[in-house]
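What follows is a set of notes on a single structure, which appears directly below.
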Amino acid sequence: MKYKLDVKSRWKDQIKVGQQLLILFLGVYVFLLLKDALFWKIPVIIIGLILWFNYRNKTRHPIIWFSFLILLSIDLIHSYFWVANHHFVLFFMVLAVIFFYYHKEKEFFVKNIQLVLVIVVLASVVQKVLSPQFVSGDFYYSVINLGALFKFFMKFIPESIEIAKSNSDNLMNLSKTNPNLGETIVLKDIIPNLRYRSQIFAWLTIFVEFIAAMAILIKPKNTWSHLIFIALIIGVLFTRLETGFMSVLAINGLFLCTNTKLKMLYMIIILGCIALIIMKLGYH
Amino acid sequence: MKNVTKIVLLKYGIPVFAIIIVAVQLFLVKTKDLSRWKGGGYGMYTEIHYAYNQIYIPGFSVDSLVKDNEQMQSTFGRLLVMPNSDNLEKVAKLVLETTHVDSINVQIWKPIVNSKEGTYTRVLSHEIQVKKSSL
């Protein structure tokens, strides 16, 4: 009984739990990126660890968060056009956590996280609307026919795997030819009417992302807002195993959530994604 | 700092920073042909991945040029993610400097998909001809 109460009281403060999960994610993520700009990262890690080990309870400065911020900044300076988009989100989140250590106002921290999350999802909507390849359905049409999306569902339609493989092989052969010859390949549809399905799916994606962004903007604590957002995260994970980005979005969701059951759901998604990242499964 | 300014900064400083990054990325997409996939604009899965762009240099194998050469990999990689004239020129100059040819033609091709006809083809995005004497 005491154990249950302990767990319940621990989950009351989602900001604390979210920060712990963010630290865990950052540890794994930074480790995976360690080989890039290693020369600059080694001193940061060594000095950070020494300071943290000796002064963690003697200073009010969040040493570990500053270390992560510097490590993320090194990657941004070194590989601005190569880092994943969730690298930028992580940078903003760590910045918000550091500010929180000084101002101690939960309201400001939650506002930072809420607005950053809304900006990320809305930017994604804007990018999709501005891309003719996306709104026409051509993007989904090509990547689905090449077997890059819905791999999980393709297992249930074995012939679709064969068609996708044949399309990929044709594309590989095309890439070996001189493009000046103007050769074209014809993609075979892995399922009937893929062209129309792709168009519908493209607009459905835009609609769901827009609704999720608006829900988080207008009602950031509402259960329905989080259900929509969690549905979006799970939907993306089933479409393509984007474990890195989805765990970052889920940590943001957790920071805003007040419903214990949904907090637990966020935690399962985050830890599940982190486990997959450690196993080097998915895209991180 | 006045209290109101401080509150506004603490509440909206980071989100405004995030908006600036997105705006810069969108600007680079428009003016420098940056891929929507990169640069912090959250445009993944909105267009065909930049890895499908193709650098073509008549008389050369791109795979052989970039193999075990970090500078080539980085310069060619930049051209794939941002296929514009400036990056094309950088690639052309680098290849001219490291090989024994007097002139070079570098092309960058982009994939085009037509779901109506079910076709996948490539269109020329940029092309450059550089002579060693002009370096």
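The values are calculated or read from the model by the stated rules, or taken from the named source; none is laboratory data. The structure presented is a predicted model; accordingly, all values stated were derived computationally and were not measured. Here the Cβ positions follow ideal geometry from the backbone for every residue, glycine too, while neighbour counts run over all protein chains shown. Please note that ligands, DNA and RNA were not included when accessible areas were found on the heavy atoms of the full protein model with its side chains. Shrake-Rupley method; radii C 1.70, N 1.55, O 1.52, S 1.80 Å.
Points worth noting:
- Inclusion of B:Phe27 among residues that are among the hydrophobic types (A, V, I, L, M, F, W, C), open to solvent by 30 Å² or more (accessible area, probe 1.4 Å), closer than 30 Å to A:Tyr101 by Cβ and at pLDDT 95 or above is not warranted.
- Being buried (at least 21 other Cβ atoms within 10 Å of the Cβ) and of a type in the set (Val, Ile, Thr) holds for only one residue in A:Val126, A:Val135, A:Val186, A:Val118, and it is A:Val118.
- Residue list for the stretch A:38-53, filter: within 18 Å of A:Ile63 (Cβ to Cβ) and exposed (fewer than 15 other Cβ atoms within 10 Å of the Cβ): A:Ile42, A:Pro43, A:Ile46, A:Ile47, A:Leu49, A:Ile50, A:Phe53
- For A:Ile216, the stated conditions do not hold, so it cannot be described as in contact with a Ser or Thr (Cβ under 7 Å, 6 or more places away or on another chain), surrounded by fewer than 20 Cβ atoms within 10 Å (Cβ to Cβ) and within 14 Å of chain B (Cβ to nearest Cβ).
- Which numbered condition B:Ile104 misses (of (1) on the phi > 0 side of the Ramachandran plot; (2) buried (at least 16 other Cβ atoms within 10 Å of the Cβ); (3) in contact (Cβ under 8 Å) with a residue 24 or more places away in the chain): (1)
- Single condition B:Thr75 does not satisfy, out of (1) open to solvent by 20 Å² or more (accessible area, probe 1.4 Å); (2) closer than 28 Å to A:Asn85 by Cα; (3) out of contact with any helix residue (DSSP H, G or I) (no Cβ under 6 Å at 6 or more places or on another chain): (3)
- Residue selected from the stretch B:107-135 under the condition of a type in the set (A, V, I, L, M) and farther than 16 Å from B:Asn84 by Cβ, by the criterion surrounded by the most Cβ atoms within 10 Å (Cβ to Cβ): B:Val113
- Every pair of residues 6+ apart whose Cβ atoms lie under 9 Å, when the first sits in the stretch A:267-282 and is surrounded by 15 or more Cβ atoms within 10 Å (Cβ to Cβ) while the second is of a type in the set (D, E, K, R): A:Cys273/A:Glu242; A:Gly282/A:Arg240; A:Gly282/A:Glu242
- Per-region count, the stretch B:86-128, residues β-branched (Val, Ile, Thr) and under 24 Å from B:Glu70 (Cα atoms): 9
- Checking each residue in the stretch A:15-37 for being touching a Ser or Thr at 6+ places or on another chain (Cβ under 7 Å) and open to solvent by 10 Å² or more (accessible area, probe 1.4 Å) picks out only A:Asp36.
- Checking A:Ile191 against (1) under 30 Å from A:Ala231 (Cβ atoms); (2) more than 10 Å from every other protein chain (Cβ to nearest Cβ); (3) open to solvent by 20 Å² or more (accessible area, probe 1.4 Å); (4) assigned to a helix (DSSP H, G or I), the condition it does not meet: (4)
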